[in-house]
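Enquirer: Next up is a structure, given as structure tokens.
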Amino acid sequence: MKENTIHLHPTGLLFALVGNPNCGKTALFNRLTGSRQKVANYAGVTVERKEGRLETSNGKVARILDLPGTYSLYPRSLDERVTCNVLNGQATGEKQPDVVVCVVDATNLRRSLRLVLAVQRLGLPCIVALNMSDEAKTRGIDVDPTALAKALGAPVVTTIAVTKSGDAHLRSLIESIVNDRSIVPPQPITTGDTSNVAQDHVHVQQILVTLGLDRVVPDLKSEHIDRVLLNPVAGPVILLAVLFLIFQAMFSWAEAPMEWIEMGFEVLGDAVGEFLPDNWLRSLLIDGLIAGVGGVVVFLPQILILFFFILVLEESGYLPRAAYLLDRLMGGVGLSGRSFIPLLSSFACAIPGVIAARTIPNRRDRLVTIMIAPLMTCSARLPVYTLLISAFIPRRTFAGGLELQGLVMLGLYLAGIVGALLVAWALKALTKSGRQARPLMMELPTYRLPNPLNVAIGLWQRAAIFIKRVGGIILAMTVALWFLASFPAPPAEAMGAPIEYSFAGTLGRWLAVLLEPIGFNWQIAIALIPGLAAREVAVSALGTVYALSVVGEVTETSLIPILAQQWSLATGMSMLAWYVFAPQCLATLATIKRETGGWTMPLLAAGYLFALAYLAAWFAYRFTPLLF
Amino acid sequence: MQSTTKLLTQLLTAVPIQTLFRVHHVVNTDVLNDYKQQLEQLGFLPGESILVQRKAPLSQDPLVVRVGASTYALRRAEAECVVVA
């Protein structure tokens, strides 16, 4: 049957990369296919199958499939199921692979080889890529590929996925297979129990004895680092210090580049203003595009600084350690340590976080994680937070170089985390299944120095995503809002700003009735609607709304002083509180619907998040005047 | 024979840290979660070398355990499934 399908697929042989989590499959995939999929130093980065193409020197094409890592062929979570379905030929829209490339972590042969044996039993032709062979060698593990190939009955090549042309041996093996399939004959299919872990363990043990590798391998370097970073006293202090450093840096390092961008847009606005006559086009360009879009682009430096730290931490292997340090807290509110990494991804954006929840085997844990992921402060909130902090929190430096603005930002991030923990705790207390024990069983990977190129690529991708959002949805919403806020034109005898007579102005005043108890004026009400498409749009929308609200001579071009002048402190604080909770992102809700397969979860999430946002904003609005 | 084996085996949660043991067997204490199967897949298999590297203060939960060539963070309930000798 397998032979038949091959002839039906003219696009080339299908090679699937299979291996334990965090053994370097994606890094190898990127090398082989020239792709730029995300890699990091923790288990469970890849949760979906990804396809790429490798062109051989004689012009033939091999299809390469990157699969989520798995410890066995007994799937426990959704991402592991993807791998098992592909290998069994049950994945929709994908044939069974022609050749399986078993990626083996040379520093952890035992666990890797058990999976190789299980894959071989499926009957698929199999080749082995002995990855991280360099790291193994420095740790004194010298694997002889020829001997291993003999023991496994499959071709073995060494690879170093993290270095250039470290995939050379594998690439040439794949090329020879593309030219002549008979090099790797199919294995005999073993029927019956395919999950005999104990038997495989004995077999692997024999192989390791034959290769002279049956000994204890300590990871001294990581153990030494852990002695400090996981120390009961120093560990949590360092974790907190790292978080502090990130938020301080976001404000102090970003200051200069943000000023340059702001100046650039001001110059651009003035130039356009002089060049064009006072008509609707000039208004669209200056009030709509430059005031709106420019207001968002300013935050690019801060987003990149945040991601620089996230990428470095991801590559180092520190993140699972942070999860270990926080595990008591997570367990106390009924979450498993497995929830940590999806929640952490949500600091970039809730969408990858919600998708990453596929790595959580327990359904209830997975749903709880999805429900609270939107409470993690995503990078789209950053422009809103920074705008309001810059307008309402004075620049003040305390002893030790701590800045008040950075502290408030840290406080907002913590508010989201505390909110998420409280929601998880409430779900634990209210549901019966919440009181069961949760598994952790999380691998602590070897520490590695972050690869500067990977960090640079990651930053570049982030910047590209941001610019694309600005040029796409943010631009579209800004133009739409400018239109609604400019038409219909005010009657001739009008006294106020034209916007007050427009569609948006009318709508804003209706909504303002609902939002008045939490201190939002009609300008905020208008900005919140396009802000549903993406959180940053609220900033560009405020920029447009205030640019159009000006009567007479323009006094300020930048939004920050306008807000500081026109809003009360209580309104500013209320809006900050609103943005900690509000589900102002339709894309996240759509992802929740897709991942949970129904409307129940997204509607529940939207409902409870809006309720919390309203409540928090109400408290902030009522209590701020009492405090200051 | 069996009684002597029993005397020598201990739960992973009971052994001193930084002392090398061998995995004896894994038991299932929680039917709902099937810890036994999950632990075996991670490499908690008979004869494998095992070492508790550290325990969280006070509650001793979670633990950092080195088994074979991998390091895992385990909650106490999970470590209690592992019998070492």
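Enquirer: So how many residues does the stretch A:566-595 have that are in contact with a Cys (Cβ under 9 Å, 6 or more places away or on another chain) and not in a helix (DSSP H, G or I)?
Expert: 1
Enquirer: Counting residues that are over 21 Å from the mean Cα position of the chain (by Cα) and in contact (Cβ under 8 Å) with a residue 24 or more places away in the chain, which helices (runs of 4 or more DSSP H) fully inside the stretch A:428-516 reach at least 3?
Expert: So the answer is A:475-486.
Enquirer: Do we find that A:T46 is farther than 26 Å from A:P218 by Cβ, β-branched (V, I, T) and in a helix (DSSP H, G or I) in this structure?
Expert: Answer is no for this residue.
Enquirer: Restricting to the stretch A:30-49, name every residue that is buried (at least 19 other Cβ atoms within 10 Å of the Cβ) and either within 21 Å of the chain's Cα centre (by Cα) or of a type in the set (F, W, Y) (or both).
Expert: Residues satisfying the conditions are A:N30, A:V39, A:A40, A:N41, A:Y42, A:A43, A:G44, A:V45, A:T46, A:V47, A:R49.
Enquirer: When you look at A:A322, is it within 14 Å of chain B (Cβ to nearest Cβ), under 22 Å from A:V455 (Cβ atoms) and surrounded by fewer than 24 Cβ atoms within 10 Å (Cβ to Cβ), yes or no?
Expert: yes
Enquirer: Can you confirm whether A:A357 is within 17 Å of the chain's Cα centre (by Cα), crowded, with 21+ Cβ neighbours inside 10 Å and either within 13 Å of chain B (Cβ to nearest Cβ) or modelled with pLDDT under 85 (or both)?
Expert: no
Enquirer: I'm trying to understand the selection: among the residues of the stretch A:531-547, which are surrounded by fewer than 24 Cβ atoms within 10 Å (Cβ to Cβ) and either without any contact (Cβ under 8 Å) to a residue 60 or more places away in the chain or part of a helix (DSSP H, G or I) (or both)?
Expert: Scanning the stretch A:531-547 gives A:L532, A:Y546.
Enquirer: Quick check: anything in the stretch A:585-605 surrounded by 16 or more Cβ atoms within 10 Å (Cβ to Cβ) and among the aromatic types (F, W, Y)?
Expert: no
Enquirer: Restricting the stretch A:383-420 to residues that are in a helix (DSSP H, G or I) and touching an Asp or Glu at 6+ places or on another chain (Cβ under 8 Å), which is farthest from A:F309 (Cα to Cα)?
Expert: A:V384
Enquirer: Kindly state which helices (runs of 4 or more DSSP H) lie completely within the stretch A:204-313 and contain at least 2 residues that are closer than 26 Å to A:E403 by Cβ, more than 23 Å from the chain's Cα centre (by Cα) and away from chain B (no Cβ under 14 Å).
Expert: A:234-252, A:255-275, A:294-297
Enquirer: So which residues in the stretch B:42-83 are over 30 Å from A:L213 (Cβ atoms), more than 7 Å from chain A (Cβ to nearest Cβ) and under 12 Å from the mean Cα position of the chain (by Cα), if there are any at all?
Expert: B:R76, B:E80 - these are the residues of the stretch B:42-83 that are over 30 Å from A:L213 (Cβ atoms), more than 7 Å from chain A (Cβ to nearest Cβ) and under 12 Å from the mean Cα position of the chain (by Cα).
Enquirer: Kindly indicate whether A:L67 is closer than 21 Å to A:R338 by Cα, aliphatic (A, V, I, L, M) and at pLDDT 85 or above.
Expert: Yes.
Enquirer: Being more than 21 Å from A:S35 (Cα to Cα), more than 20 Å from the chain's Cα centre (by Cα) and touching a residue at least 24 places away in the same chain (Cβ under 8 Å) is the filter here, so list the residues in the stretch A:64-88 that pass it.
Expert: A:T70, A:Y71, A:S72, A:L73, A:Y74, A:R76, A:L87, A:N88 - these are the residues of the stretch A:64-88 that are more than 21 Å from A:S35 (Cα to Cα), more than 20 Å from the chain's Cα centre (by Cα) and touching a residue at least 24 places away in the same chain (Cβ under 8 Å).
Enquirer: Based on what the data block shows, is A:R53 more than 14 Å from every other protein chain (Cβ to nearest Cβ) and of a type in the set (D, E, K, R)?
Expert: The answer is yes for A:R53.
Enquirer: Oh, and also: Considering every residue within the stretch B:62-82, establish whether at least one is out of contact with any His (no Cβ under 6 Å at 6 or more places or on another chain), part of a helix (DSSP H, G or I) and modelled with pLDDT of 90 or more.
Expert: Within the stretch B:62-82, one or more residues are out of contact with any His (no Cβ under 6 Å at 6 or more places or on another chain), part of a helix (DSSP H, G or I) and modelled with pLDDT of 90 or more.
Enquirer: A:A527 is checked against (1) farther than 19 Å from A:F483 by Cα; (2) part of a helix (DSSP H, G or I) and fails just one. What number does that condition carry?
Expert: Of (1) farther than 19 Å from A:F483 by Cα; (2) part of a helix (DSSP H, G or I), only one is false for A:A527: (1).
Enquirer: Same structure again: How about the stretch A:101-115: which of its residues are more than 8 Å from chain B (Cβ to nearest Cβ), part of a helix (DSSP H, G or I) and among the hydrophobic types (A, V, I, L, M, F, W, C)?
Expert: Within the stretch A:101-115, A:A106, A:L113, A:L115 meet the criteria.
Enquirer: On to the next question. For the stretch B:1-19, which positions are surrounded by fewer than 13 Cβ atoms within 10 Å (Cβ to Cβ), at pLDDT 85 or above and not in a loop (DSSP other than H, G, I, E, B)?
Expert: Answer for the stretch B:1-19, where residues must be surrounded by fewer than 13 Cβ atoms within 10 Å (Cβ to Cβ), at pLDDT 85 or above and not in a loop (DSSP other than H, G, I, E, B): just B:A14.
Enquirer: Also, I was wondering about something else. On the basis of being within 29 Å of A:F340 (Cβ to Cβ) and more than 14 Å from chain B (Cβ to nearest Cβ), does A:S77 make the cut?
Expert: Considered against the rule, which asks whether it is within 29 Å of A:F340 (Cβ to Cβ) and more than 14 Å from chain B (Cβ to nearest Cβ), A:S77 comes out as no.
Enquirer: Of the residues in the stretch A:451-468, how many are within 10 Å of A:L311 (Cβ to Cβ) and of a type in the set (K, R)?
Expert: Final tally of qualifying residues: 1.
Enquirer: Now for a separate question. I need the full set of residues from the stretch B:26-41 which are outside any helix (DSSP H, G or I), free of Cβ contacts under 8 Å to residues at least 12 places away in the same chain and within 7 Å of chain A (Cβ to nearest Cβ), in order please.
Expert: Answer for the stretch B:26-41, where residues must be outside any helix (DSSP H, G or I), free of Cβ contacts under 8 Å to residues at least 12 places away in the same chain and within 7 Å of chain A (Cβ to nearest Cβ): B:L32, B:N33.
Enquirer: Could you please give the count of residues in the stretch A:331-345 that are surrounded by 22 or more Cβ atoms within 10 Å (Cβ to Cβ) and either under 17 Å from B:S59 (Cβ atoms) or facing chain B (nearest Cβ under 10 Å) (or both)?
Expert: Looking only at that region, the number is 4.
The values are calculated or read from the model by the stated rules, or taken from the named source; none is laboratory data. A quick note: this is a predicted structure, and the numbers were derived from the prediction, not measured. Note that each Cβ is placed from the backbone with ideal geometry, even for glycine, and that neighbours are counted across all protein chains shown.
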